[in-house]
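Comments concern the structure below.
Read the figures in this text as sums done on the coordinates, not as results from a lab. None of these values were measured; they are calculated from a predicted model. All Cβ positions, even for glycine, are placed from backbone atoms using ideal geometry, and neighbour counts span all protein chains on display.
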Amino acid sequence: MRYQISGKQIDIGEALQTHVQTELGASVAKYAGRPTDAYVVFSKSGHEHVCEIVVHLSTGLTAQASGRANEIYAAFDASCEKMDKQLRRYKRRLKDHHKERVDPVELSDAGSYILAATEETDEGSQDSLSAMIVAEMEAKIPSLSVGEAVMQMELAHAPVLVFRNEKHSGINVVYRREDGNIGWIDPR
């Protein structure tokens with residue numbers, strides 16, 4: 001597994017990097033057979049240290065967790081414990097969905113844009129044609145089953161996930177509804 005350990009305006013020492021690699025590696029190896037990347041970012045928020053972990057699995061799933069504590073090691077331990085709990089919860093689902101998958105999930109490239117909100121005119125309506133693009137990024141669209149997409153959305157704590165349906169190669173969307181249920185859009 002490749003690790004990228006960094007700090008936002010914090011110096012990360014060798015001892016902390018070694019601790020992160022051993023603890024996170026052991027935790028993830030218990031539940032996920034083929035992790036590919038781990039991104040760990042440490043920052044400081046007021047008097048607390050914050051640790052955010054994102055782990056990409058070869059199955060296409062992305063798990064993320066964050067922790068806060070007064071000590072930097074305690075913040076990492078809290079986020080690592082949350083990651084461990086997430087992966088333990090989804091272990092059976094991961095095995096059931098991916099036992100026949102031998103290749104990693106195929107990813108397609110797509111554009112992702114952030115649009116600036118426009119100011120309201122005198123009449124109180126907005127001119128939607130004059131929106132300005134603030135940021136343009138590249139996003140990856142995974143090729144998943146609907147169950148895998150729901151699991152990916154829950155692991156990432158995302159409100160919506162766009163994916164390519166493995167059954168018919170069409171673009172689908174799963175999202176969390178206001179009532180707490182999951183919605184699925186399949187425009188076939």
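Only counting other Cβ atoms within 10 Å, I'd like Cys80, Cys51 sorted with the fewest neighbours first. Mind showing how you got there, number by number?
Values: Cys80 22, Cys51 25.
So the residues, fewest neighbours to most, are Cys80, Cys51.
Given Lys8/Lys140; Lys44/Lys82; Lys44/Lys140; Lys85/Lys167, which pairs have Cα atoms separated by over 28 Å?
Lys44/Lys140; Lys85/Lys167
Please report Val20, Val55 as a ranked list, fewest other C-beta atoms within 10 angstrom at the top and most at the bottom.
The order, fewest Cβ neighbours first, is Val20, Val55.
Taking neighbour Cβ counts within 10 Å as the exposure measure, how do Asp84, Asp179, Asp186 sort from fewest upward?
On the way: Asp84 19, Asp179 6, Asp186 13.
Neighbour counts put them in this order, fewest first: Asp179, Asp186, Asp84.
What does the extension gain come out to for Gln17 and Lys91, with contour length at 0.36 nm per residue minus their alpha carbon separation?
My answer for the length gained is 24.0 nm.
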